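The block underneath contains the structure these notes are about, expressed in structure tokens.
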Amino acid sequence: MLKLLTIEWQKIKPYTFFWLFTGVYFFMLFAVFYIAYHLMEINGIKTSSISWHGMTYISGYLNFFLVLLVILYSTNEYQFNTYRQNVIDGLSRRQIFFSKLLINLGIAIYSTLSLFVLFIIFSLISPDSLSIEAFSNEIYYLFYHFIKCFCLLSIAYFLSLVLKKGIISILFFVVVWMVDVVISMATNTTILELLPFSSCGNLIINPMPALPIGYSDLPSESNILYSVIFYVLLFNALSFWWLTKKDLRA
Amino acid sequence: MILKVNSLTKKYGRFIAANNISFEVEEGQVFGILGPNGSGKTTTLGMILDVTSPDAGSYCWFDTTPGSNQRKHIGSILETPNFYQHLDAESNLKIAALIKDVPYSQIDVVLQRVNLLERKKYAFRTFSLGMKQRLALAAALLGNPKVLVLDEPTNGLDPQGIIEVRELIQSLANEGKTIIIASHLLDEIEKICTNVMVMKQGNVLAAGRVDEILSSQFGIHTSSKGAKDSKLQTNNNMEEIRIEIAADDLYLLELELERLPYVVKVEKRKETLMAILNKNIDNKSINQAMFDRGIVLSHLIKIKKTLEQQFLEITK
Ligand SMILES: Nc1ncnc2c1ncn2[C@@H]1O[C@H](COP(=O)(O)OP(=O)(O)OP(=O)(O)O)[C@@H](O)[C@H]1O
Ligand SMILES: [Mg+2]
């Protein structure tokens, strides 16, 4: 495993695109926090009332950015046949899978850590004192964010393996996402709220919806969590199967 | 045994890219796979390197069950040079070295061997096709593997580069390495291979020692058993031997040649005649026969069919 990480590190280290993406992601996360605080201030809401729930919810919109990164990073390897070359040189196909699994995990952890760090920083510099309560209350939302993010990346990775081309994978991801959300909204059936993207979306619901739309018949929180974990396992299993059974070529 | 391939088959939909391919490669052989474009060479090599999943059949490297570790001792180029565009030559080889468990110190050695040492800090995407190809060769040489699998290694090289790479392959063969090479540069196969397998439309048409494949076309029976196995034996009755022949009086020469029992046909060329014989007659006898008829030959060569001509015939 250390070897796989070393190899991935060799690939990523001089990869400007990768660092640009992760850097810009952090900056955007920062902007989200800044705007949230600013809005609270001008609306006279105490900034100490900031919550993990609220921040993980808003930050969730930036997950798409990480999805782009995973898709582009993976399809790049496909386009230039470097997956294939790695196997020819002596990696096994399952090692190829595990090294990208590690990368996806790493990106999800990076996102979660960034959120954590920014939360602390903003709590510290806010004029209202940092309440231990705000900090420790609902901190499990950080885990929700992590598993949701990792689930989306797992779906993105699988799509990139099947479709092989960056642009097509991204388009497909968006289309499937929309179809998923529209189906579960339109049918208003509890079970369809457990489709992959809906599950991810429902794991951290909007804490202060402008329109009080029907969140009423959502499955229970734990069921949604199990469903997301199920999709993490499913899509990684599918990626594993695809990588070990199919031809490796662009 | 270095490699044993049993009935490998690959289908793309209903199209059969490789059909029931079987062959064996022994230690020290330079094994050529010869075939026109799209005959399934790359497909076959892809299967034995585990990047193309076969629909049927099996293969076995080094007499043991297949596994990724075996490929660390096989240096391979498949189709095109595949490298990370954003990395320089050295970093690309570092990745290959990490995968193969080879120390970084070897990188300069292999780069030197393909004349790319001074370009090692240049990004791969800035390389010319020939340089990319040579970098691929360098990667294949990492770890001094005892087996090399080379899919058209001279593709994209200039004449100088082709000669260099051929010499490199030759010297690797002389070091006792086993080399499996796919190519449609036929004289290349003829020059450097000990064994050859001819493919067409996914099928193996012939396989055997290079000299046997050549001689079977000429009907010269070598007594080794490989020649008997060769499917090319069936072509024996179609054999034709050509000689290029000239004398001062071409007209007289033509007349006399046509009287010889073993001459099938005489064609006029610019300053010579081309005679097709139905038997392999040595030059001395032909010369003697003409001399007996009062003709002094100014020119006589037997046109040996090259592998290329044969190849074109077999795969027609
Ligand atoms: N992914 C694929 N999908 C469909 N057909 C394919 C695929 N890969 C190869 N083929 C077909 O399989 C056949 C054999 O291809 P292959 O690349 O093995 O030929 P080759 O002998 O290496 O040819 P060349 O000398 O041009 O390199 C070709 O007809 C090709 O079109
Ligand atoms: Mg080919």
(request) Report the residue, chosen from B:E271, B:E79, B:E152, that carries the largest GNM mean-square fluctuation when chain B is represented by alpha-carbon nodes joined by springs under 10 Å. (result) B:E271
(message) Given a 10 angstrom Cα cut-off, can you work out which residue in A:L163, A:L194, A:L72 is the most mobile in a GNM of chain A?
(response) A:L163
(message) If you take every residue apart from B:A96 with its C-beta less than 15 Å away from the C-beta of B:A96, what net charge results, scoring Lys and Arg +1 and Asp and Glu -1?
(response) +4
(message) Need one value for A:88-99: mean number of C-beta atoms belonging to other chains within 10 Å of its residues' C-beta atoms.
(response) 6
(request) Leaving ligands, DNA and RNA out of it, rank B:D63, A:D89, B:D248 by accessible area with a 1.4 Å probe, largest first. (result) B:D248, B:D63, A:D89
(request) Report the one residue of B:I21, A:F158, A:I12 whose Cα lies farthest in the direction of the positive end of the charge dipole of the protein assembly as shown (charges on C-beta: Lys and Arg +1, Asp and Glu -1; origin at the Cα centre). (result) B:I21
(message) Can you give me the C-alpha center-to-center distance between segment A:1-68 and segment B:1-68, rounded to a whole angstrom?
(response) 48
(message) So with the 1.4 Å probe, I'd like the accessible area per residue for chain B, rounded to whole Å².
(response) 46
(request) Among the listed pairs A:K3/A:K100; B:K94/B:K121; B:K191/B:K268; A:K11/B:K100, give every one whose C-alpha distance is greater than 24 Å. (result) B:K191/B:K268
(message) For chain B, give me the percentage of DSSP beta bridges that are antiparallel, rounded to the nearest 5 percent.
(response) 65
(message) Please report the net charge: other residues with Cβ closer than 13 Å to the Cβ of A:N223, K and R +1, D and E -1.
(response) -3
(message) Please report the antiparallel percentage of the DSSP beta bridges confined to the protein assembly as shown, to the nearest 5.
(response) 65
(request) Kindly provide the trypsin sites (Lys or Arg not before Pro) of segment B:78-135 that DSSP labels as loop, not H, G, I, E or B, and whose Cβ sees at most 13 other Cβ atoms within 10 Å. (result) B:K121
(request) Identify which of B:P54, B:P66, B:P103 has the largest mean-square fluctuation in a Gaussian network model of chain B, with springs joining Cα atoms closer than 10 Å. (result) B:P103
(request) Determine one quarter of the surface area of the Cα convex hull of segment B:3-234, which equals its mean projected area, and express it in nm² to one decimal. (result) 13.3
(message) Can you give me the C-alpha center-to-center distance between segment A:135-196 and segment A:216-234, rounded to a whole angstrom?
(response) 12
(message) If each DSSP helix of 4+ residues adds -39,500 (n - 2.57) and the sum is divided by the residues in chain B, what number results at 222 nm, nearest 500 deg cm²/dmol?
(response) -10000 deg cm²/dmol
(request) For segment B:1-48, state which trypsin sites (Lys or Arg not before Pro) are in a DSSP loop and have at most 13 other beta carbons lying within 10 Å of their beta carbon. (result) B:R14
(request) Counting only C-alpha contacts under 8 Å and six or more residues apart, can you give the relative contact order of chain A as a whole percent? (result) 27
(message) 7 Å from Cα along Cα→Cβ at both B:Y122 and A:K3: what's the point-to-point distance in nm?
(response) 3.3
(message) Ignoring everything except DSSP H segments at least 4 long, calculate the 222 nm mean residue ellipticity for chain A; use -39,500 (n - 2.57) per segment, divide by total residues, nearest 500.
(response) -25000 deg cm²/dmol
(request) Can you tell me how much longer the chain between A:F143 and A:K13 gets when fully stretched, taken as 0.36 nm per residue apart minus their C-alpha distance, in nm with one decimal? (result) 44.0 nm
(message) Below 8 Å, C-alpha to C-alpha, sequence gap of six or more: please give me the relative contact order for chain B in percent.
(response) 18
(request) Of the options B:P54, B:L273, B:N82, report the single residue whose Cα projects farthest towards the positive end of the charge dipole of chain B (beta-carbon charges: Lys, Arg +1; Asp, Glu -1). (result) B:P54
(request) Report the label-to-label distance for A:D217 and B:L252 in nanometres (one decimal), using points 7 Å from each Cα along the Cα→Cβ vector. (result) 11.1
(message) Need the list of aspartates and glutamates near B:K72 for cross-linking: C-alpha distance under 12 angstrom, and skip anything on the same chain fewer than eight residues off.
(response) A:D89, B:D101
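The values are calculated or read from the model by the stated rules, or taken from the named source; none is laboratory data. What you are looking at is a predicted structure, and each value in this text was computed from that prediction instead of being measured. All Cβ positions, even for glycine, are placed from backbone atoms using ideal geometry, and neighbour counts span all protein chains on display. Ligands, DNA and RNA are stripped out before the accessible areas are found, and what is left, the full protein with its side chains, is counted by its heavy atoms. Shrake-Rupley method; radii C 1.70, N 1.55, O 1.52, S 1.80 Å.
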